[in-house]
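Participant: Please see the structure below; I have some questions.
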């Protein structure tokens with residue numbers, strides 16, 4: 001009987017860990033927040049339980065290493081830097097390792113390459129991106145490259161100079177994409193992950209219309225398409241993708257037909273099943289736009305619009321199971337948890353939320 005009892009307990013523990021993940025939350029710390037927060041999120045119930053926090057100055061965007069042992073944070077201050085942390089799956093706690101200059105002001109985005117040996121960050125204020133080597137223990141060495149964009153565009157308040165907004169490595173790790181809101185260009189860099197070297201790609205950029213404001217991108221599950229979110233117009237641009245080259249196939253608005261106002265669109269993600277694309281709209285909208293992806297040609301069609309139940313949805317994320325979509329409402333100091341219909345793509349408010357000051361980035365780490 002004792003053996004059976006122990007087996008039952010072990011099965012219960014295994015089941016709980018299998019359906020749970022760690023949710024990491026990056027924030028702005030000028031208000032109620034103190035740094036990075038960690039929650040235990042249950043992908044069956046949608047419940048979130050506080051685990052830990054670590055103090056930091058404006059850790060606005062986070063990146064998780066491929067092995068999920070390390071976490072990198074963009075400290076979005078005037079003198080920009082990138083911080084490195086180790087993460088314990090046993091305790092759900094972060095431990096600070098070190099930090100290095102990002103080579104520019106106000107870094108707003110950070111990511112790791114597929115090998116985990118390199119970290120790239122976007123300096124919004126400085127209009128540049130940087131590449132930092134990762135040490136054996138997960139810490140960072142000083143940047144080996146800082147690549148400065150040049151130019152401006154139509155909107156003299158937002159596009160008076162370059163504003164690199166994000167950095168994304170391609171699925172094969174051979175290219176780095178860097179949307180520049182200030183110049184209306186999606187920059188494309190060839191990447192050598194052995195040497196850690198970025199050089200201009202044969203197609204050095206894809207041009208957005210003036211006042212478009214390229215912000216974030218996401219890849220289709222099969223890596224045949226790239227979708228760009230333009231912040232200033234609230235437009236999603238779809239590209240056919242082939243080894244560093246982009247060919248535009250569609251431009252579609254994320255705004256509801258009757259909407260009048262400023263979109264201020266922000267984040268964009270494809271569901272893990274490859275069927276749907278979601279994007280967040282701040283400004284006067286405060287919505288998630290839901291698109292269906294045509295499996296034949298990658299083009300988008302609108303499925304619906306969901307209120308984010310808060311203000312300024314800067315970032316959102318689908319949980320690892322795909323059952324839920326969580327929206328970080330920066331100006332409402334909360335994260336709203338929506339149930340996701342995997343057949344229709346539509347979202348339903350669960351009535352559950354996480355109260356945390358100025359949440360701006362959501363990342364996941366498995367418990368096993």
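Participant: Would you point out which residue out of 283, 310, 351, 322 is more than 28 Å from residue 258 (Cα to Cα) and surrounded by fewer than 21 Cβ atoms within 10 Å (Cβ to Cβ)?
Facilitator: 322
Participant: Test of understanding: among 183, 199, which residue is more than 29 Å from residue 290 (Cβ to Cβ), free of Cβ contacts under 8 Å to residues at least 60 places away in the same chain and not in a loop (DSSP other than H, G, I, E, B)?
Facilitator: Of 183, 199, the one residue that is more than 29 Å from residue 290 (Cβ to Cβ), free of Cβ contacts under 8 Å to residues at least 60 places away in the same chain and not in a loop (DSSP other than H, G, I, E, B) is 199.
Participant: Okay, next question. Taking the condition surrounded by fewer than 24 Cβ atoms within 10 Å (Cβ to Cβ) and over 22 Å from residue 195 (Cα atoms), does residue 88 pass?
Facilitator: Considered against the rule, which asks whether it is surrounded by fewer than 24 Cβ atoms within 10 Å (Cβ to Cβ) and over 22 Å from residue 195 (Cα atoms), residue 88 comes out as yes.
Participant: Right, here's the next one. Limited to the stretch 114-136, what total is found for residues that are in contact with a strand residue (DSSP E or B) (Cβ under 7 Å, 6 or more places away or on another chain), at negative phi and surrounded by fewer than 21 Cβ atoms within 10 Å (Cβ to Cβ)?
Facilitator: Residues that pass the stated criteria total 3.
Participant: Still on this structure, I have one more. Any idea which of 102, 43, 60 is without any contact (Cβ under 8 Å) to a residue 60 or more places away in the chain and in contact with a strand residue (DSSP E or B) (Cβ under 8 Å, 6 or more places away or on another chain)?
Facilitator: Exactly one of 102, 43, 60 is without any contact (Cβ under 8 Å) to a residue 60 or more places away in the chain and in contact with a strand residue (DSSP E or B) (Cβ under 8 Å, 6 or more places away or on another chain), namely 102.
Participant: Just the residues that are in a loop (DSSP other than H, G, I, E, B) and either over 21 Å from the mean Cα position of the chain (by Cα) or in contact (Cβ under 8 Å) with a residue 40 or more places away in the chain (or both), please, taken from the stretch 235-254.
Facilitator: If the condition is that a residue be in a loop (DSSP other than H, G, I, E, B) and either over 21 Å from the mean Cα position of the chain (by Cα) or in contact (Cβ under 8 Å) with a residue 40 or more places away in the chain (or both), then 243, 244 are the ones that fit.
Participant: Return the residues of the stretch 128-149 that are in a loop (DSSP other than H, G, I, E, B) and over 13 Å from residue 184 (Cβ atoms); say none if nothing qualifies.
Facilitator: 135, 136, 137, 138, 139, 141, 142, 143, 144
Participant: Same structure again: Quick one: count up the residues across the stretch 295-311 that are in a loop (DSSP other than H, G, I, E, B), closer than 25 Å to residue 43 by Cα and touching a residue at least 40 places away in the same chain (Cβ under 8 Å).
Facilitator: 1
Participant: Still on this model: Could you check how many residues of the stretch 324-356 are touching a strand residue (DSSP E or B) at 6+ places or on another chain (Cβ under 6 Å) and not in a strand (DSSP E or B)?
Facilitator: Total satisfying the criteria: 4.
Readers should treat all values here as calculations from the given coordinates under stated rules, not as data from a laboratory. None of the values given here were measured: they were computed from a predicted structure. No Cβ is skipped: glycine too gets one built from the backbone with ideal geometry, and neighbour counts run over all protein chains shown.
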